Amino acid sequence: MNKHLMGSSVSALVEESKLYPQEKLAAIRTSNKSLNIGIPKENSTYENRVPLTPKAVGALTNQGHKVLIESGTGNAANFFDKEYTEAGANITKSASEVFKSDIIIKVEFPTKKEIEMMSMGKTIISTIHADKDLGQRLSLLNQKKATSIGYEFIEDQIGGLPIVRAMSEIVGAVVIPTAAEYLTTNQGGIGIILGGITGVPPTNVVILGAGTVAEYAARTALGLGASVKVFDKHLYKLHRLKHILSSPIFTSTIDQVALKKALMEADVVIGAVRADKGVLKKIVSEDMVKAMKSSAVVVDVSIDEGGCFETSRPTNLKSPVFEKFGVKHYCVPNIASKVPRTSTKVLSNIFTPILNSIAHNGGVDQMIFENKWFMKGVYTYKGYMTNYHLSEKFKLRFKDLNLLMAARF
């Protein structure tokens, strides 16, 4: 073939190829990276969950990762040091040694003392609770140039919140038996059974919110024979809940007149509303609580985000209940800690593949860069707030994480 014609053909093919969809250039991936993971003992006396079971630790150490665990971390969940040692973990009595790890994974948000123990530029994965000194602790994380990941913000590949859903399933299953306990005279209640008995009117249960907690709580309450009413501001959530339950339940958007009437008749009220754009509004006013039965029980599941009752304040598993206007308030922010062994297994099922993905991607930075669902969990990155709502709330400097990652890669 004529060299000129051949050159023309190649040029034509090149030009034609530009019309096809072009693949985005990806950053060069490092080969599997060995991770240095630290699991500290929870500082709170009432947090019994652990992020990883011994079995999960064994799966990680078999992949060549190093896991350092503070002694006694799993005791409350009946996972003991010996089991972790047999799984390949190293045990230490020094919390500061654990906080020098490259990746620290824990359940509760770190305290100021724990953040101070961290080395510069490390990664911490934990939950994040709204409390009075949260802004100060976020500032400390920025000073440490930490990459902080809130596990309740992490999405899956289809946009769901796997850890939030998993913990919500557990909480939804636990809240109804918990409320039932406080209706009995043993716990100072009026002495009624939660549910329905032949010849006796059923217990009235009101649920605020129509998410996962509501789904599991309603299913449990209906199974016991209770009368259930669910309120939510989103009609589509109410439709979804009725479809899932396939049971005759009363549903309503949050109308103050209808809600007040339902609360006056309620024996149990479950508050399970999630914050909208980082802000949770109070749904039940103090006056509405005053109008409730003096024997009623309130379980404010939303207390970790500030609560949805004006009368709520955080409690703990040792002293879980207080009374206000004769109404018992159960406001424990970590209800799933009542069943720590189950909760730990659930957390392990989610964290283990995430940690393996971090290793496969070549590290935390690469994992963030290549996975938008994981990026959603990052709220501080190397000295900057990357969660807009938190930065606005606490007046901390915000930087778009996409821009930070683009500059890095």
Would you confirm whether or not the stretch 295-305 contains a residue that is closer than 21 Å to ALA258 by Cα, in a loop (DSSP other than H, G, I, E, B), in contact with a helix residue (DSSP H, G or I) (Cβ under 9 Å, 6 or more places away or on another chain) and open to solvent by 30 Å² or more (accessible area, probe 1.4 Å)?
no
Pairing a residue in the stretch 58-75 that is closer than 14 Å to THR92 by Cβ and at pLDDT 95 or above with any residue that is open to solvent by 30 Å² or more (accessible area, probe 1.4 Å) and hydrophobic (A, V, I, L, M, F, W, C), where Cβ atoms lie under 6 Å and the two sit 6 or more apart in sequence or on different chains, gives ILE69/ILE91; SER71/ILE91
Subset of the stretch 46-75 (residues that are open to solvent by 40 Å² or more (accessible area, probe 1.4 Å) and either touching a Pro at 6+ places or on another chain (Cβ under 6 Å) or basic (Lys, Arg) (or both))
LYS55, LYS66
Looking only at residues in the stretch 262-285 that are assigned to a helix (DSSP H, G or I) and either open to solvent by 60 Å² or more (accessible area, probe 1.4 Å) or in contact (Cβ under 8 Å) with a residue 60 or more places away in the chain (or both), which one is farthest from LYS393 (Cα to Cα)?
GLU265
Is it the case that the stretch 214-225 has a residue that's open to solvent by 10 Å² or more (accessible area, probe 1.4 Å), outside any helix (DSSP H, G or I), touching a strand residue (DSSP E or B) at 6+ places or on another chain (Cβ under 6 Å) and not basic (Lys, Arg)?
no
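Take the conditions at positive phi, open to solvent by less than 60 Å² (accessible area, probe 1.4 Å) and more than 22 Å from the chain's Cα centre (by Cα) and apply them to GLY199. Does it pass?
Values: at positive phi: yes; open to solvent by less than 60 Å² (accessible area, probe 1.4 Å): no; more than 22 Å from the chain's Cα centre (by Cα): yes.
In short, no.
Here is a yes/no grid of residues against (1) surrounded by fewer than 19 Cβ atoms within 10 Å (Cβ to Cβ); (2) more than 19 Å from ALA217 (Cα to Cα); (3) at pLDDT 95 or above:
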{"site": "ASP287", "(1), (2), (3)": "yes, yes, yes"}
{"site": "SER312", "(1), (2), (3)": "no, yes, yes"}
{"site": "ASN316", "(1), (2), (3)": "yes, yes, no"}
{"site": "PHE322", "(1), (2), (3)": "yes, yes, yes"}
{"site": "PHE325", "(1), (2), (3)": "yes, yes, yes"}
{"site": "HIS329", "(1), (2), (3)": "no, no, yes"}
{"site": "PRO333", "(1), (2), (3)": "no, no, no"}
Those residues of the stretch 212-261 that are out of contact with any Phe, Trp or Tyr (no Cβ under 6 Å at 6 or more places or on another chain), free of Cβ contacts under 8 Å to residues at least 24 places away in the same chain and hydroxyl-bearing (Ser, Thr, Tyr) come to a total of 3
Residue by residue through the stretch 116-151, note down the ones that are modelled with pLDDT of 90 or more and assigned to a loop (DSSP other than H, G, I, E, B).
MET118, SER119, MET120, GLY121, LYS122, THR127, LYS144, LYS145, ALA146, TYR151
Just name the residue that is farthest from SER139 (Cα to Cα) out of those in the stretch 350-380 that are open to solvent by 10 Å² or more (accessible area, probe 1.4 Å) and not in a helix (DSSP H, G or I).
GLY362
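The values are calculated or read from the model by the stated rules, or taken from the named source; none is laboratory data. Quantities reported herein were computed from a predicted structural model and do not represent experimental measurements. Note that we place each Cβ from the backbone using ideal geometry, even for glycine, and neighbour counts take in every protein chain shown. Note: areas computed on protein heavy atoms with side chains; ligands, DNA, RNA excluded. Shrake-Rupley method; radii C 1.70, N 1.55, O 1.52, S 1.80 Å.
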